[in-house]
1. Quick one: how many residues across region 115-129 are surrounded by 15 or more Cβ atoms within 10 Å (Cβ to Cβ) and assigned to a loop (DSSP other than H, G, I, E, B)?
2. Given the structure, is Val87 touching a residue at least 40 places away in the same chain (Cβ under 8 Å), out of contact with any Ser or Thr (no Cβ under 9 Å at 6 or more places or on another chain) and of a type in the set (Val, Ile, Thr)?
3. Taking Gly154 as the residue in question, decide whether it is surrounded by 11 or more Cβ atoms within 10 Å (Cβ to Cβ), within 24 Å of Val178 (Cβ to Cβ) and of a type outside the set (A, V, I, L, M, F, W, C).
4. Within region 93-101, identify whether any single residue is surrounded by 15 or more Cβ atoms within 10 Å (Cβ to Cβ), of a type outside the set (A, V, I, L, M) and at pLDDT below 90, and answer yes or no.
Amino acid sequence: MANNSSFKSPKRLDSLPGDVAGYSSGAVPGGKTRDVSLEGVDFDRRDFLGKAVGGIGAFVAVGALYPVVKYIIPPAEKEVKEQDEIVVGKASEVPPDSGKIYQFNKDKVIVVNNGGKLSAVSAVCTHLGCLVQWKADENVIYCACHSARYEDNGQIISGPQPLPLAQYNVRVDGDDLVISKA
């Protein structure tokens with residue numbers, strides 16, 4: 001005997017032997033036969049599972065690709081208003097015969113205390129952009145990349161660098177170390 005359950009689709013009912021295609025055991029409102037009420041509706045379980053798995057796969061793919069895309073696309077830079085004068089630290093952070101690098105707006109500045117005389121110049125070598133350091137034993141600002149040497153005021157002593165280091169003004173205000181544009 002044929003199965004007349006309401007879970008059969010109209011396409012499947014048409015293939016059953018006998019006169020079963022026109023009706024089923026499911027209730028149909030309005031006195032319509034099952035074939036008329038389900039026109040255009042396909043209860044194919046395989047299609048439903050295919051769409052469900054495809055949707056889940058798309059959701060997982062988006063979740064996996066989102067961090068990759070966020071990593072590849074750089075964030076927009078926030079525009080920061082540059083200041084003419086900034087307190088960068090304490091004067092005690094730069095004892096005599098030493099130097100320390102500070103951030104000044106977007107630049108790096110090295111403050112040198114050469115025997116009590118403070119000077120500030122760009123900490124970026126004009127040759128290839130390496131950071132410089134203070135060598136107290138030679139009283140020079142030194143770039144280790146290609147042995148470039150500068151005086152404490154940024155003037156060239158020796159090396160392959162094309163230009164001297166940019167100068168900045170530095171002063172002590174109380175115990176604060178204040179750097180400003182030259």
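The values are calculated or read from the model by the stated rules, or taken from the named source; none is laboratory data. For clarity, every value in this text was computed on a predicted model and none was experimentally measured. Every residue, glycine as well, gets a Cβ built from its backbone with ideal geometry; the counts of neighbours run over all protein chains shown.
1. So the answer is 4.
2. Judged against the criteria, Val87 is a match.
3. yes
4. The answer is no, given that none of the residues of region 93-101 is surrounded by 15 or more Cβ atoms within 10 Å (Cβ to Cβ), of a type outside the set (A, V, I, L, M) and at pLDDT below 90.
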